[in-house]
């Protein structure tokens with residue numbers, strides 16, 4: 001019990017000690033690093049398209065793609081503008097990549113804002129109780145600003161083109177892999193995915209001081225955690241992954257000692273809606289960590 005209590009008290013103490021400047025600095029760093037990562041990945045995809053256009057002798061297509069690459073900002077301060085996917089000579093593949101990029105950026109910002117609005121609201125309450133009206137108003141104004149941006153960006157999260165009358169995620173399962181040790185939850189939101197460690201065990205991927213990444217549909221994901229250290233209650237940052245419907249079911253769960261290793265038996269997981277999240281509960285009471293491969297699919301899909 002003491003082992004669980006101490007990390008909890010430390011974590012709560014950090015939240016209480018936070019100032020508006022601390023929260024804004026942390027928010028700006030996470031937003032910058034997240035958007036930088038998205039932009040770098042998109043530039044690599046567009047470079048491949050440009051090379052293909054050059055190999056095909058299509059100078060106009062290569063130039064149009066190059067213009068998109070050079071115009072893609074490293075950091076987007078206000079991504080509330082739909083990208084121009086109808087530029088002359090722009091290849092269809094480049095337009096598709098740009099549209100997906102815009103949706104991911106919007107989803108990432110919305111997800112980050114939803115994580116920080118409660119922090120600001122909690123800070124506002126603390127400041128009011130201490131009699132600091134000016135800073136309480138400043139925290140309230142910042143929370144309103146983030147909420148306003150959520151309202152602006154949310155309609156753009158699903159800007160990716162899809163067949164009329166069919167939900168894009170209807171027939172597309174999601175597979176998440178992570179090295180889990182102890183009582184943990186996997187949260188799926190309409191903006192993306194994150195882990196929550198509930199007990200004092202290792203954070204996902206960090207058992208025995210390892211630094212194993214997670215995977216979403218095979219794409220590598222290295223979660224960033226709110227607090228330092230490899231153990232204790234914590235939540236990681238949001239992995240941008242727009243999901244159009246949270247009407248999901250856990251299709252299968254596979255556990256192994258090593259990724260791609262031999263399957264083993266572990267305590268059963270469970271999944272269900274919790275507010276506006278779909279949560280997969282992973283009790284994992286057994287000793288040591290295990291790779292969990294969790295496959296989710298839309299309810300009713302075959």
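The values are calculated or read from the model by the stated rules, or taken from the named source; none is laboratory data. Because the structure is predicted, anything quoted here is derived from the model rather than measured. Backbone-built Cβ (ideal geometry, glycine too); neighbour counts: all protein chains shown.
Of all the residues in region 207-242, those that are closer than 17 Å to residue 280 by Cβ and out of contact with any strand residue (DSSP E or B) (no Cβ under 6 Å at 6 or more places or on another chain) number 0. Looking at residue 276 and the list (1) buried (at least 19 other Cβ atoms within 10 Å of the Cβ); (2) at pLDDT below 90, which single condition is not satisfied? Unmet for residue 276, out of (1) buried (at least 19 other Cβ atoms within 10 Å of the Cβ); (2) at pLDDT below 90: (1).
Condition first: assigned to a helix (DSSP H, G or I) and either at pLDDT 90 or above or in contact with a strand residue (DSSP E or B) (Cβ under 7 Å, 6 or more places away or on another chain) (or both). Can you find one or more residues in region 66-77 that meet it?
As a first pass, look at region 66-77 and keep what is assigned to a helix (DSSP H, G or I): 66-71.
Still in the running and either at pLDDT 90 or above or in contact with a strand residue (DSSP E or B) (Cβ under 7 Å, 6 or more places away or on another chain) (or both): 66.
Within region 66-77 (the criterion being assigned to a helix (DSSP H, G or I) and either at pLDDT 90 or above or in contact with a strand residue (DSSP E or B) (Cβ under 7 Å, 6 or more places away or on another chain) (or both)), the answer is yes, since at least one residue qualifies.
I'd like to check something: does region 271-291 contain any residue that is at positive phi, assigned to a loop (DSSP other than H, G, I, E, B) and in contact (Cβ under 8 Å) with a residue 12 or more places away in the chain? Within region 271-291, one or more residues are at positive phi, assigned to a loop (DSSP other than H, G, I, E, B) and in contact (Cβ under 8 Å) with a residue 12 or more places away in the chain.
Filtered by the rule that a residue be without any contact (Cβ under 8 Å) to a residue 12 or more places away in the chain, in a helix (DSSP H, G or I) and over 26 Å from the mean Cα position of the chain (by Cα), region 84-132 gives 92, 125, 128, 129, 130.
Could you tell me whether residue 271 is within 30 Å of residue 154 (Cα to Cα) and buried (at least 19 other Cβ atoms within 10 Å of the Cβ)? Break it down into steps so the answer makes sense when it comes.
Working: within 30 Å of residue 154 (Cα to Cα): yes; buried (at least 19 other Cβ atoms within 10 Å of the Cβ): yes.
Here the answer is yes, as residue 271 does meet what is asked.
Does residue 105 satisfy the condition of being surrounded by 18 or more Cβ atoms within 10 Å (Cβ to Cβ), within 24 Å of residue 37 (Cα to Cα) and at pLDDT 85 or above? In short, no.
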